[in-house]
Amino acid sequence: MTALKQTPLNAQHRAAHAKLVDFSGWEMPLHYGSQLEEHHQVRRDAGMFDVSHMLPVDFRGEAVRPFLKRLLANDVDKLQTTGRALYSCMLHAGGGVIDDLIVYYLNENWFRIVFNAGCAEKDLAWAETQRDAHAPELEIIPRRDLAMIAVQGPNAAAKLWQAMPGLEGVAGTLKAFYGAPVGEMFVARTGYTGEDGFELMLPAKAAPFLWQAALEAGIRPIGLGARDTLRLEAGMALYGQDMDEGITPFEAGLAWTVAMDGERDFIGKHSLKSLPRNRQMVGLKLIDRGVLRIHQPVETEHGAGEITSGGFSPTLNASIALARVPSGVQLGDRVEVIIRDRALAAEVVKYPFVRHGKALI
Amino acid sequence: MSIPTDLKYTPSHEWARLDADGSVTVGITDHAQELLGDMVFIENPSVGRMVAAGEECAVVESVKAASDVYAPIAGEVIAVNEAIEAEPQRLNEDAFENWLFRVKPAHAADLDSLMDAVAYQAAVDAEAH
């Protein structure tokens with residue numbers, strides 16, 4: 001077995017008694033004691049996540065915009081000002097999702113994409129193959145020298161300014177999905193929790209310093225366990241569960257991220273146009289007692305489906321899930337979820353389930 | 001947390017206690033709750049159900065995963081702890097205090113085949129290596 005990769009904050013996790021687990025080949029904190037408390041900490045106050053296992057990649061050169069217009073299913077022409085961020089899927093020619101990502105605009109010759117940890121190597125290889133064929137002058141530069149810290153929660157901004165005096169002047173006015181370079185650092189108002197907050201990319205060697213300052217400002221460390229329940233409540237898709245290379249964005253509730261209109265030709269567009277759309281992503285809330293989990297079968301009047309992400313929602317004190325079901329299923333429908341050979345009742349609900357600390361269902 | 005010496009244990013991390021009335025109270029060990037993390041759901045067997053030793057008869061679910069609980073001995077389920085079903089997180093607070101269900105043993109001597117605290121501690125230690 002090869003050794004797990006460690007982020008620049010590994011020593012900090014150990015000092016905080018994190019339960020460390022293998023996550024896509026990285027040794028990452030699952031929790032620091034109680035996943036439930038960490039979940040509530042982010043919904044009610046402020047917490048921080050080490051997400052340095054994700055890979056920022058710089059795309060530099062004159063051809064970068066047209067290259068990314070072809071590489072990504074969302075349209076980078078929506079990015080026209082420095083720091084602006086866009087969520088997108090990267091598709092293969094068949095329309096399946098290679099990865100979901102955020103792309104940032106730095107300037108006309110410089111965009112940055114953040115790939116999922118588990119997809120980083122194949123993503124890089126894919127991007128390089130496309131580059132070699134269509135934009136050989138373009139530079140693709142993986143930034144393993146950067147650490148990433150996400151600070152999330154209703155008090156994230158106030159406590160972050162406390163931790164880093166001077167940051168408010170630059171980042172304080174950022175709207176959601178905007179970012180700004182701050183010296184060696186890049187700060188964006190993005191996240192994966194459904195709360196206000198920031199994602200910071202900074203030199204790896206500076207990460208422990210920021211982490212410590214944030215701790216002293218009352219921002220508590222949060223593990224990947226709570227990150228998963230937070231994103232599920234926020235209705236945000238997780239690559240490898242809610243979608244993968246065999247699933248199109250339309251089947252994963254991500255149609256809003258695909259810019260189909262216009263003449264722009266992107267990889268996968270042709271397939272997306274011709275494939276039938278007979279499956280959709282819906283939210284489920286369990287009515288009977290139990291816990292919805294990934295891969296549980298769902299039975300509906302329109303045919304069978306499957307849970308792609310499920311769990312216990314600490315905010316709602318109920319079990320919720322994202323499920324892929326036949327297109328005829330409507331909001332408000334009753335469906336059955338098969339849990340340990342029993343059919344339990346669930347309701348089809350809209351998602352996100354929770355935003356900014358408030359239950360939406 | 002130390003392992004109580006007045007209880008018996010299974011390799012699948014249940015504890016069993018022989019009560020004065022001859023019934024056996026069953027729960028999961030502190031080691032089990034720690035492995036599973038924050039508990040969010042408990043499903044006990046129905047009262048009156050006959051269970052075989054080693055049979056799956058309850059489920060505890062944490063934020064992380066669902067885990068089966070096995071009957072340490074054969075017998076009839078005569079009571080379940082409804083309070084723990086209402087507040088599963090109490091299992092995290094004290095796994096040895098918060099029981100799951102009680103069994104009227106088919107054979108009282110079956111309890112002797114379970115591990116004592118020393119043997120269970122050794123099993124937990126071995127698992128860590």
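The values are calculated or read from the model by the stated rules, or taken from the named source; none is laboratory data. A quick note: this is a predicted structure, and the numbers were derived from the prediction, not measured. Counting neighbours? That spans all protein chains shown, and the Cβs are built from the backbone with ideal geometry, glycine included. Protein only, heavy atoms only, side chains kept; ligands, DNA and RNA dropped before computing areas. Shrake-Rupley method; radii C 1.70, N 1.55, O 1.52, S 1.80 Å.
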Residue that is in contact (Cβ under 8 Å) with a residue 24 or more places away in the chain, among the small types (Gly, Ala, Ser), touching a helix residue (DSSP H, G or I) at 6+ places or on another chain (Cβ under 8 Å) and not in a helix (DSSP H, G or I), where the choices are A:ALA127, A:ALA147: A:ALA147
Subset of the range B:83-99, residues within 20 Å of A:ASP288 (Cα to Cα) and in contact (Cβ under 8 Å) with a residue 24 or more places away in the chain, comes to B:ILE84, B:GLU85, B:PRO88, B:GLN89
Against the definition (of a type outside the set (Ser, Thr, Tyr) and either open to solvent by 10 Å² or more (accessible area, probe 1.4 Å) or more than 21 Å from the chain's Cα centre (by Cα) (or both)), how does A:ALA180 come out, yes or no? yes
Flag if B:PRO88 is of a type outside the set (A, V, I, L, M), within 14 Å of chain A (Cβ to nearest Cβ) and either within 15 Å of the chain's Cα centre (by Cα) or farther than 30 Å from A:GLY225 by Cα (or both): yes
(1) surrounded by fewer than 18 Cβ atoms within 10 Å (Cβ to Cβ); (2) within 14 Å of chain B (Cβ to nearest Cβ); (3) within 18 Å of A:ASP242 (Cα to Cα) all hold for A:ARG277 apart from (2)
Note down all Cβ pairs under 9 Å where the first residue falls in the range A:28-47 and is on the phi > 0 side of the Ramachandran plot, the second is surrounded by fewer than 24 Cβ atoms within 10 Å (Cβ to Cβ), and they're at least six residues apart or on different chains. A:GLY33/A:ALA16; A:GLY33/A:HIS17; A:GLY33/A:ALA18; A:GLY33/A:LYS19
Looking only at the range B:12-62, filter to residues that are open to solvent by 30 Å² or more (accessible area, probe 1.4 Å) and among the hydroxyl-bearing types (Ser, Thr, Tyr); which one of those is farthest from the other protein chains (Cβ to nearest Cβ)? B:SER12
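A quick yes/no check of all residues on (1) within 14 Å of another protein chain (Cβ to nearest Cβ); (2) over 20 Å from A:ILE361 (Cα atoms):
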{"position": "A:ALA217", "(1), (2)": "no, yes"}
{"position": "A:LEU224", "(1), (2)": "yes, yes"}
{"position": "A:LEU230", "(1), (2)": "yes, no"}
{"position": "A:TYR239", "(1), (2)": "no, yes"}
{"position": "A:ASP244", "(1), (2)": "no, yes"}
{"position": "A:THR248", "(1), (2)": "no, yes"}
{"position": "A:GLY253", "(1), (2)": "no, no"}
Residues of the range A:229-249 being surrounded by fewer than 22 Cβ atoms within 10 Å (Cβ to Cβ) and out of contact with any strand residue (DSSP E or B) (no Cβ under 7 Å at 6 or more places or on another chain), in sequence order, are A:ARG231, A:MET236, A:GLY240, A:GLY246
For strands (runs of 3 or more DSSP E) lying entirely in the range A:4-101, having 3 or more residues that are within 14 Å of another protein chain (Cβ to nearest Cβ) and buried (at least 18 other Cβ atoms within 10 Å of the Cβ) picks out A:26-31
Condition first: without any contact (Cβ under 8 Å) to a residue 40 or more places away in the chain and within 17 Å of A:VAL291 (Cβ to Cβ). Now tell me which residues in the range A:322-361 satisfy that. A:GLU336, A:ARG340, A:ASP341, A:ARG342
Residues within the range A:173-202 that are on the phi < 0 side of the Ramachandran plot, touching a residue at least 24 places away in the same chain (Cβ under 8 Å) and outside any loop (DSSP other than H, G, I, E, B), tallied: 10
Restricting attention to the range B:91-109, and to residues there that are open to solvent by 10 Å² or more (accessible area, probe 1.4 Å) and either under 14 Å from the mean Cα position of the chain (by Cα) or under 16 Å from B:SER67 (Cβ atoms) (or both), which single residue is nearest to the other protein chains (Cβ to nearest Cβ)? B:ASN92
